[in-house]
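Notes follow the structure.
The values are calculated or read from the model by the stated rules, or taken from the named source; none is laboratory data. Everything quoted here is computed from the prediction, not taken from an experiment. For neighbour counting, all protein chains shown are included, and Cβ atoms are generated from backbone atoms with ideal geometry for every residue, glycine included. All accessible areas refer to the heavy atoms of the entire protein, side chains included, with ligands and DNA or RNA removed. Shrake-Rupley method; radii C 1.70, N 1.55, O 1.52, S 1.80 Å.
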Amino acid sequence: MTPAWHVTPAQAASYADGSLPELDAWSVDKHLEACTPCAARVSAAAREGAAAPALAAVRTALLATATTQDRATPASARPPRLRRSARLTRWPRASAAGTPGARHTGKRTGAGPGAGAADGPRTAPASARGGGAPVPTAPLGAPRTGPAAVGAAGGRRWGLRGRLAWAAGPALRGPWLVSLLVIVVGAVCAARATGFGGVRPLLLLLAPVLPTLGVAVSYGRHADPMHEIVTSTPSGGLRLLLARTAAVLTVSVPLLTLAGLLLPATAGGPGPAAWLLPGLALTLAALTLGSYIGCRAATGAVATGWLLAVGAPAAAAPGGAPALLPTDALADSLVTVLSGPAAQGCWAAAAAGCAGLLALRRTSFDRLERI
Amino acid sequence: MTTTVSVGGLTVRHRRTTALDAVDLDFATGVHGLLGPNGAGKTSLIRVLATIAAPTAGRVELLGHDMAGHAGRTAVRRRLGYLPQEFGFYPGFTVREFVGYVAWLKEMSGAAAAATVERAVARVGLADRIDTKVRRLSGGMVRRVGIAQAIVNAPDVLLLDEPTAGLDPEQRVDFRALLRELGTTSTVIVSTHLVEDVAAACTEVTLMESGRVAYRGTPAALAELGEAAEAEDIGDNPIERGYATVLRRHRAGAAAGTVAGTEVSR
């Protein structure tokens, strides 16, 4: 892409002698990275400017050194290095006999400017590779690591570990996992160290939204750098989104439940597993809403809704001395929302309803998320 | 030749701007160049063909499937390769993992995939870098990794949006050779700014302007148009002159209120 703006000769001159204002100089800096004609213009200006004698002196000295070293190095030691670097960047030629492409290429390379120099050492390794015959798989001797290597080593399959790693998605590679671990470990350590009983209500307040936030950073153009490629594949859309959601839940549910178990219980407070159904319902609600407004906005809306619904009554609750954290009021508020078969039944119904709606909206994730 | 990609009355609007205006196009096996200035609608067309953008109106058929249906889309996506204009990657991915991940997303079987991934990476000349982290590669190499992921499933329809951006001249020559090779068996649609890419690699050129098709023909026919318009001092070679001539005529035609038709000169 060519930028519309270019460095004028006057700007080049003042850039070269250092008199261009800083802001303009930054623009020129950035522009020169991409624009060869302007870079040439600025170089010319620098050669004509006040620095000219110094530049000329450096150039002469450099050339003298290079010439001396050239003579000192035995001729046989030099070309292989050149050849090697050339080979590294070379594309394999389509040189199978009779391929029209190969004939064209040969002609073009030969005729192209500067091709003469390139042709000598470079064509030899290309043909040594097997001259475009299928693929040189054998020389790839480097040790294999990562999921793909697991697949290769497994022989027939992608390998269970590889598949799990790939289903994980961006959430489990990024800051979400770190935040989750910090919250869980922090909560347990704080409660154990201080004996403060209010940690469990706080954790239960956060627990249902944490998996939902994991979903928000798993899919869509804000979260997934490969979103555009991913969407164009048969796995893209709801299927991959559900796979990544499952991965997020697999990690967060045991961690958060375990943390809840390790925290000291408050008398009459909700149990450590009481958040599971609400968590599932909120996650499905975020997915369903996400089919309309995108995963990120949907998660924001659902998480805010939950925190307000549970937190606001606790904050506004009439109490004695206003505490720094109204954990008792929060525990009461959580009991209302979470405890008892009626409340849990409602959450289960909500989860089922959202799942049904999501099934109806399944194709809406097929396209590129634009929101 | 059988038509593999066909669109009719294709219209795409983004809010109030019209990116594509009732476009009718058919493509068969071969390399098709999509030329045009910025904002002509090339990327919009490629995205619709890649099944990731929904058209505002019109019919899209790929490999005999209608893209309006979910089942057809999924079937076509298995046989599709797509290089977006811009794409990201996960920070820890090596070239092998990146291309392997896309192979997995394209539902390739694990048994075939490991070798296929190596083959795709070798075809873009990165065999030596296959276990390098993608983030350590230069811009041109990342572009080639993008091409490798697009061709990993040996697609029947290959869509490349600005594939030569960031490639140096020598790499572009190699890339064109790869394009010609791919075009013998697949329908390859390449959007580009660079007229010389079209001249060197494409069997057919489609010139777009303001969301409409301004010209369709062979690169040679476009060059002939340029030769005929030699009096006009534009462009450095016949095909560039042809490009500029067609654009001028198309703009003049659009300004005069005539229906911008498809000029076929084959």
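One residue stands out among those in the stretch B:222-237 that are in a helix (DSSP H, G or I) and either modelled with pLDDT of 85 or more or among the small types (Gly, Ala, Ser) (or both): the one that is surrounded by the fewest Cβ atoms within 10 Å (Cβ to Cβ), which is B:ALA228. Only one entry in B:PRO238, B:PRO169 is within 12 Å of chain A (Cβ to nearest Cβ) and more than 15 Å from the chain's Cα centre (by Cα), namely B:PRO169. When residues in the stretch B:66-85 are screened for being more than 21 Å from B:LEU160 (Cβ to Cβ), more than 8 Å from chain A (Cβ to nearest Cβ) and either hydroxyl-bearing (Ser, Thr, Tyr) or not in a helix (DSSP H, G or I) (or both), 3 of them pass. In summary, helices (runs of 4 or more DSSP H) completely within the stretch A:162-276 and bearing 2 or more residues that are within 30 Å of B:ALA54 (Cβ to Cβ) occur at A:209-216, A:227-231, A:238-262. Right, A:LEU358: in contact with a Cys (Cβ under 8 Å, 6 or more places away or on another chain), assigned to a helix (DSSP H, G or I) and closer than 30 Å to B:TYR82 by Cα or not? When the stated conditions are applied, A:LEU358 does not pass them. Helices (runs of 4 or more DSSP H) fully within the stretch B:86-155 that include at least 1 residues being of a type in the set (Ser, Thr, Tyr) and either more than 8 Å from chain A (Cβ to nearest Cβ) or touching a residue at least 60 places away in the same chain (Cβ under 8 Å) (or both): B:110-123.
The set of residues in the stretch B:4-44 that are open to solvent by 10 Å² or more (accessible area, probe 1.4 Å), of a type in the set (Val, Ile, Thr) and touching a residue at least 40 places away in the same chain (Cβ under 8 Å) comprises B:THR4, B:THR11, B:THR18, B:THR29, B:THR43. Across the stretch A:211-246, the qualifying residues are those that are touching a residue at least 24 places away in the same chain (Cβ under 8 Å) and touching a Leu at 6+ places or on another chain (Cβ under 6 Å), and the one among them that is nearest to A:ILE293 (Cα to Cα) is A:TYR219.
For the stretch B:1-39, the set of residues classified as of a type in the set (Ser, Thr, Tyr) and touching a Leu at 6+ places or on another chain (Cβ under 8 Å) consists of B:THR4, B:SER6, B:THR11, listed by residue number. Of all residues in the stretch A:336-371, those that are within 14 Å of chain B (Cβ to nearest Cβ) and either open to solvent by less than 40 Å² (accessible area, probe 1.4 Å) or of a type in the set (S, T, N, Q) (or both) total 6. You will find that of A:VAL251, A:VAL215, A:VAL209, the residue that is open to solvent by 30 Å² or more (accessible area, probe 1.4 Å) and either more than 30 Å from A:CYS189 (Cα to Cα) or more than 14 Å from every other protein chain (Cβ to nearest Cβ) (or both) is A:VAL251 and no other.
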